[in-house]
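**Q** This is the structure I want to talk about, given as structure tokens.
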Amino acid sequence: FSKIIDEYVKTLKPEVSEIWHTDEMKIQAGGKWKWLWHVLDEETKFLIVNKVSAKRRVRDSRALFNEAKEVAQKQPEFMITDGCHSYNRSIVKELPETSHVRLTSIRDKRTNNNVVERLNGSVRDRIKTMRGLHNEETADLMLSAYQNYYNFIRPHSSIATTPAIKSGINVKNFEGNRWMRLLEKSFK
């Protein structure tokens, strides 16, 4: 059912803010280390995109930003990242209207990337109980299901609702079993 829900969710367009956060983390899929990338909206906490890649190259981060731009149908004013070098060229190429705030240290006092680091911790907790991911295909499937859970099912205490509702996605009659409601909407 995750694939059906994911097809429906891709038709919905979130209204996100002007500040996005990006980070990458290592995961194991099929016994090999892969990179999991996230782009998250600061205000709504909407997980705009997550993507798995074998490497952490410019072309991988460019694909991530291109997909985020398509999902949000806009470019942010600011993109906050860590010190990963591939972000510099990728943001210039894919998000030319965006100012890049590169945090090279956790001691950088301008701002922080805690909102996406917190998401990384939640993903690590979930993957740990699964004892890893079998291969890149199952990693993509599980992570898209997790993205839908994160955006549509789980209310976030910092925004007192789900990121989908906070980002203006109309999900009426969404009480009770939210997975079931999302699946029902997917079939309409």
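**Q** Nearest 500 deg cm²/dmol is fine: what mean residue ellipticity at 222 nm does the chain get from its DSSP H runs of n ≥ 4 alone, each adding -39,500 (n - 2.57), divided by its residue count?
**A** After summing the helix terms and dividing by the residues of the chain, the value is -12000 deg cm²/dmol.
**Q** Further question on the same structure: How far, in degrees from 0 to 90, does helix 136-148 lean away from the longest principal axis of the Cα atoms of the chain, to the nearest 10?
**A** 70
**Q** Pop out the ³J(HN,Hα) list for the stretch 39-48 in order, Karplus 6.51 cos²θ - 1.76 cosθ + 1.60 with θ = phi - 60°, rounded to Hz; leave Gly and Pro as x.
**A** Once rounded to whole Hz, the list reads 10, 10, 7, 5, 6, 8, 6, 6, 7, 5.
**Q** Would you mind estimating how fast the chain diffuses translationally, via Stokes-Einstein at 25 °C and 0.890 mPa s with the Kirkwood radius over Cα pairs, in µm²/s?
**A** Translational D for this selection: 145 µm²/s.
**Q** Related question: Taking the Cα centre of each part, how many Å lie between the stretch 143-188 and the stretch 29-79?
**A** Taking the Cα centre of each part, the stretch 143-188 and the stretch 29-79 sit 20 Å apart.
**Q** Rounded, prolate or oblate: which one fits the stretch 1-68, using the alpha carbon gyration tensor with axes a ≥ b ≥ c (rounded when a/c is under 1.5, else prolate when a/b beats b/c, else oblate)?
**A** Oblate is the answer for the stretch 1-68, as a/c is 1.5 or above yet b/c matches or exceeds a/b.
**Q** Give the peptides 116-122, 21-27 in descending order of average Cβ contacts within 10 Å, highest first.
**A** Per-residue mean Cβ counts within 10 Å order the peptides as 21-27, 116-122.
**Q** Now for a different question. Could you give the length gained on full extension between LYS55 and THR111, defined as 0.36 nm per residue of separation minus the Cα-Cα distance, in nm?
**A** Result for the pair: 17.4 nm of gain on full extension.
**Q** I've got another one for you. Could you tell me the relative contact order of the chain? Use alpha-carbon pairs under 8 Å, at least six residues apart, and round to a whole percent.
**A** Result for the chain is 26 percent.
**Q** Starting from the Cα gyration tensor of the stretch 59-99, take the square roots of the eigenvalues, sort them a ≥ b ≥ c, and report rounded, prolate or oblate (rounded when a/c is under 1.5, otherwise prolate if a/b is larger than b/c, else oblate).
**A** Taking the square roots of the gyration eigenvalues as a ≥ b ≥ c, the stretch 59-99 is oblate.
**Q** What is the distance, in nm, between label points placed 7 Å from the Cα along the Cα-to-Cβ direction at HIS134 and at LEU12?
**A** 2.8
**Q** Could you tell me the calculated FRET efficiency between ILE4 and GLU175, based on Cβ-Cβ distance and R0 = 25 angstrom, to the nearest 0.05?
**A** Numbers: r = 21 Å, r/R0 = 0.84.
After rounding to 0.05, the efficiency reads 0.75.
**Q** Which whole-Hz ³J(HN,Hα) couplings does the stretch 61-73 yield from phi under the Karplus relation 6.51 cos²θ - 1.76 cosθ + 1.60, θ = phi - 60°, glycine and proline marked x?
**A** Couplings: 6, 5, 4, 4, 5, 5, 5, 4, 4, 5, 5, 7, 6 Hz.
**Q** Evaluated at 4 °C with a viscosity of 1.567 mPa s, what Stokes-Einstein diffusion coefficient in µm²/s does the stretch 139-188 have when Rh comes from the Kirkwood expression over alpha-carbon pairs?
**A** Details: Rh = 11.4 Å.
Answer from the Stokes-Einstein relation: 113 µm²/s.
Each value in this text was obtained by applying a stated rule to the coordinates, not by laboratory testing. Just so we're clear, the structure is a prediction, and the values are computed from it rather than from any experiment. All Cβ positions, even for glycine, are placed from backbone atoms using ideal geometry, and neighbour counts span all protein chains on display.
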